[in-house]
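What follows is one structure encoded as structure tokens, with my remarks underneath.
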Amino acid sequence: MAQHIAQKLRLTSALLGTVSRKDLAAAFRNVNPKTAFDLGRADKWLQGRAQPRELSVYDDWSKLLGLDQPGAWIAESDLPAFTAAICARHGVDRAELERRAAAQSDASHGHEERSLGVALAGTYACYSRALSPYYRGQLIRGTLSIDAGAGAHGLTAAYREVLPTGQLLVAGPVTPAKRGLYALLKETGGDAHFFLCLFPQSQPGSILGGYMCGGAIIGPEPQPSLTRILIVRLRDAVPDAWGGYLPPGQSIAADLASLGLTLEQPETVDRQLAQFLVGDSDGGANQIPPAEFRAILDVFDRHWLRHSGWG
């Protein structure tokens, strides 16, 4: 059973002095022009999210390192044994090799963060279920702008809605992770907060999707709310007046066309988008009725007060 593949590849890269995935793939091609070491899949292998399934990759790897071991040994050996073998074969100090591998990993991680920032940066049209009880069952449109900023951790987002009561603008940091993309957004000079929990970004990054959590802005009472959200990348800037509640029955595909994104088979697209956005709700956002919570609150508050010595 293959194990420690990401670490072994990083040690191999450090030993060979390859500074990029392309260089590492080229080294494999040098020992076998028809190697199954694939540049695209190497990203996942180096991130520990997958491992080569073809035994030929490990055979090429053994040839690349000049080891007197079959490819299966590279796949199945533990990390200390693998490290010791390549250090002995090439006369390299183990501590130095591990230091170089760690340095390359840090540099690669920083490059990946910057690349992801560039990939995410842009303007998006957002569609979600209205949180306001006055607009229950309707969709609301918003715009999301993501800025890569400076450095490896400079991703920020700004989300805007055009509401009957005025413009809502919340902003904050974006955190990419292996299992998701997260943004905690808050209003400057106000108390509105929203949290986006999205699927990880994938290439070419035409759309993001997941959940938005926050409180209803327009309504008689605060209600913790959860809704699915679709975030569609645009090529052009969004007009300042665009946004707000989508009129009932209006096509999302037609709305996107007004922003310069014309989709084929718009009726099919509308059905897919509507099915996703409704998801596990009854047509509106997932919300806790205040009366339900207050009834439970009353029970526990009374119990707490009776046993606290306050009353």
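The values are calculated or read from the model by the stated rules, or taken from the named source; none is laboratory data. It should be emphasised that the depicted structure is a prediction, and the values quoted were computed from it without experimental measurement. Ideal geometry is used to build each Cβ from the backbone, glycine not excepted, and the neighbour counts take in all protein chains shown.
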From the list GLY154, GLY190, exactly one residue is under 30 Å from ARG41 (Cα atoms), of a type outside the set (Lys, Arg) and outside any strand (DSSP E or B). Which is it?
GLY154
Can you name the condition, by its number, that ALA75 falls short on among (1) more than 19 Å from VAL31 (Cβ to Cβ); (2) assigned to a helix (DSSP H, G or I); (3) within 34 Å of the chain's Cα centre (by Cα)?
(1)
Determine whether the stretch 180-201 contains at least one residue that is farther than 20 Å from GLY122 by Cα, in contact (Cβ under 8 Å) with a residue 40 or more places away in the chain and over 14 Å from the mean Cα position of the chain (by Cα).
no
Check THR175, THR156 and return the single one that is assigned by TED's automatic domain parsing to the domain that holds LEU277, under 19 Å from the mean Cα position of the chain (by Cα) and surrounded by fewer than 16 Cβ atoms within 10 Å (Cβ to Cβ).
THR175
Tell me yes or no: at least one residue of the stretch 136-146 is touching a helix residue (DSSP H, G or I) at 6+ places or on another chain (Cβ under 6 Å), within 19 Å of GLN201 (Cβ to Cβ), hydrophobic (A, V, I, L, M, F, W, C) and in a loop (DSSP other than H, G, I, E, B).
no
All positions within the stretch 52-69 that are farther than 13 Å from ALA36 by Cβ and among the polar types (S, T, N, Q)
SER62, GLN69
Mind checking which residues of the stretch 202-227 are in contact with a Leu (Cβ under 8 Å, 6 or more places away or on another chain), closer than 16 Å to ALA125 by Cα and small (Gly, Ala, Ser)?
GLY205, GLY209, GLY210
Looking only at the stretch 100-116, decide whether some residue is modelled with pLDDT under 90 and in contact with a strand residue (DSSP E or B) (Cβ under 7 Å, 6 or more places away or on another chain).
yes
